[in-house]
Amino acid sequence: MKPIEFLGNSLDALREFPKEARRQGGFQLDKVQRGLEPDDWKPMKTVGPGVAEIRVRDVTGAFRVIYLARLDDAVYVLNCFEKKAQRTPQSEIKLARTRFKEAIRRQQ
C-alpha cells in the first residue's frame, strides 16, 4: 500500500469538506492507495500525465480531490476543493499543476 503525501494545504482543504464528503473522499483515497480505481473519477490531463480527479457528491454539493498515483513512492494529493460551477476553475487547475511539478521534482 502506497503512503499518501498531501501537498500544500490539500489536507486542510479535505478536512474542511462536510462530514460525509470528507468520509467519502478518504475512502476513495484509500482505494487509490491499494491500487484500485475510485468509484467516480476522471483523468485530469490539463494538470499533467497520470493525474486524476475523484468526484465526491453529497447533499451539500460537489467536491473534488485531485491526485497523482503513478509515481512509485506515494499517492500525491495535489488539491481538494468544493466545485461550485460546471467547469473546474482555472485557479484550481493552476494550483494542482504547480503541485504536480513539485511531486515530479521529489522523484528526481
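What follows is calculated from the coordinates using simple rules that are stated; it is not laboratory data. Owing to the predicted nature of the structure, the values given are computational and were not obtained by experimental measurement. Note that each Cβ is placed from the backbone with ideal geometry, even for glycine, and that neighbours are counted across all protein chains shown.
Summing charges over all other residues whose Cβ lies under 10 Å from the Cβ of residue 8, with Lys and Arg as +1 and Asp and Glu as -1, gives -1.
Shape summary: the chain maps onto an equivalent ellipsoid whose semi-axes, from the alpha-carbon gyration tensor, are 20, 16, 12 Å in decreasing order.
Among the chymotrypsin sites (Phe, Trp or Tyr not before Pro) in the range 33-108, none is located in a DSSP loop while being surrounded by at most 13 other Cβ atoms within 10 Å of its own Cβ.
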